[in-house]
Amino acid sequence: MLGFSWNIQINEEVNLMLCKQIEIEEWVIDAISDEDGHLSIKISNKDGTEVSALGFDLAVNNTEWTERFSTDKIESDYEEESS
């Protein structure tokens with residue numbers, strides 16, 4: 001997104017209701033809705049390796065978006081277990 005940075009300094013001018021961080025096991029998800037209603041999502045993993053979208057469209061209808069994510073470590077561990 002042009003002009004957008006995750007290095008936002010939170011201060012009195014930022015509406016804290018627009019930002020949300022959740023943790024699910026080793027995943028950290030930051031979601032930010034801007035003043036125009038756009039949603040930006042940052043996904044990271046505590047394993048510290050690169051995150052990638054696996055390119056699966058898992059949505060069951062046209063009113064939602066569902067994606068599957070992995071990391072280099074998850075994929076490496078899976079390959080080791082499979083061999």
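The numbers here are math on the coordinates, done by the rules we state, and not lab data. All of these numbers come straight from a predicted model, not from anything done at the bench. Note: ideal-geometry Cβ built from the backbone for every residue, glycine included; neighbour counts use all protein chains shown.
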Interchain or long-range residues, amide H under 5 Å from Thr49's placed H: Lys73
Residue-span extension gain [Asp47 to Trp27] - 0.36 nm each, minus C-alpha spacing: 6.3 nm
Summed side-chain charge close to Asp57 - residues other than Asp57 whose Cβ falls under 13 Å, Lys, Arg +1, Asp, Glu -1: -1
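If Lys and Arg each add +1 and Asp and Glu each add -1, what is the summed charge of the other residues whose beta carbon sits under 13 Å from the beta carbon of Glu79? Can you show the working numbers first?
On the way: positive: Lys73; negative: Asp72, Glu75, Asp77, Glu80, Glu81.
Charge balance near Glu79 sits at -4.
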Environment charge at Leu18 (Cβ cut-off 10 Å; Lys +1, Arg +1, Asp -1, Glu -1): -1
Cβ-Cβ FRET estimate between Leu39 and Asp77, R0 fixed at 41 Å, reported to 0.05: 0.85
Phi-based couplings in Hz for region 63-77 (Karplus 6.51, -1.76, 1.60; Gly and Pro marked x): 9, 9, 10, 10, 9, 10, 10, 8, 10, 4, 5, 4, 5, 5, 4
Region 31-83: GluC sites (Glu not before Pro) in DSSP loop, at most 10 other beta carbons within 10 Å: Glu35, Glu64
